[in-house]
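K.L.:
Sharing a structure with you now.
Derivation of every value follows stated rules applied to the coordinates shown; laboratory data play no part. Everything numeric here is computed off the predicted structure, so don't read it as measured data. So basically every Cβ, Gly included, is an ideal-geometry build from the backbone, and we count neighbours across all protein chains shown.
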Amino acid sequence: MKTIGQLIREKRESQGFVLREIASELNVDISFLSKVETGDKRPTREQVIALAKFFGINEKELLVAYLSDRLVYEVREEELAIEAIKAAEQKIEYLKKSNTIF
């Protein structure tokens with residue numbers, strides 16, 4: 001599974017863009033975007049959506065990678081991370097079915 005940074009780099013390179021072009025369009029520093037691609041920085045949700053629009057792709061692919069990266073970042077050092085993520089998945093499904101907002 002690819003990280004948000006890996007996906008962004010792949011999209012950028014496959015479409016022939018340089019970091020400078022994307023950074024200018026998103027109004028971010030080139031070094032920030034470079035660090036996002038290498039996994040040293042994390043973009044905001046809004047930046048991920050802007051990137052999807054820039055590349056002309058469906059937001060879902062990038063947002064799923066973004067959200068999964070956030071989850072991994074939060075629990076990566078926890079011994080019970082996998083169990084906690086499974087429990088969270090069940091809670092989300094329950095809340096969706098019961099229309100409960102938390």
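K.L.:
Which FRET efficiency, nearest 0.05, do Y94 and I57 yield, Cβ-Cβ r, R0 35 Å? Don't skip to the answer; put the middle values down first.
P.N.:
On the way: r = 32 Å, r/R0 = 0.90.
Computed FRET efficiency for Y94 and I57 comes out at 0.65.
K.L.:
By how many nm would the segment from L80 to T44 lengthen if fully extended, with 0.36 nm per residue of separation less the alpha-carbon distance? Don't skip to the answer; put the middle values down first.
P.N.:
Numbers: separation 36, 0.36 × 36 = 12.96 nm, distance 2.66 nm.
Stretched out fully, the L80 to T44 stretch lengthens by 10.3 nm.
K.L.:
Also, I was wondering about something else. Order these by the 10 Å Cβ neighbour count, fewest first: Y73, Y66. Walk me through the numbers before you get to the answer.
P.N.:
Working: Y73 11, Y66 24.
Fewest-to-most Cβ neighbours within 10 Å comes out as Y73, Y66.
K.L.:
What do you get when you divide the Cα radius of gyration of the stretch 4-76 by 2.2 N^0.38 Å, with N the number of residues?
P.N.:
Details: Rg = 11.4 Å, N = 73, 2.2 N^0.38 = 11.2 Å.
Normalised Cα radius of gyration, the stretch 4-76: 1.01.
K.L.:
On to the next question. Could you tell me how many degrees, from 0 to 90 and to the nearest 10, lie between the Cα long axis of helix 4-14 and the main elongation axis, the longest principal axis, of the Cα atoms of the chain?
P.N.:
It works out to around 30 degrees.
K.L.:
Let me ask something else. Listed here are the pairs K41/K97; K35/K91; K11/K86; K60/K97; K53/K96; K41/K91; which of them are more than 24 Å apart at the Cα? Walk me through the numbers on the way to the answer.
P.N.:
Numbers: K41/K97 35 Å; K35/K91 33 Å; K11/K86 30 Å; K60/K97 22 Å; K53/K96 28 Å; K41/K91 29 Å.
Checking Cα-Cα distances, K41/K97; K35/K91; K11/K86; K53/K96; K41/K91 exceed 24 Å.
K.L.:
Could you work out the helix-only [θ] at 222 nm for the chain, with each DSSP H run of four or more residues adding -39,500 (n - 2.57) and the total divided by the number of residues, to the nearest 500 deg cm²/dmol? Please list the in-between numbers first.
P.N.:
On the way: 6 runs with 74 residues, N = 102.
The helix-only estimate for the chain comes to -22500 deg cm²/dmol at 222 nm.
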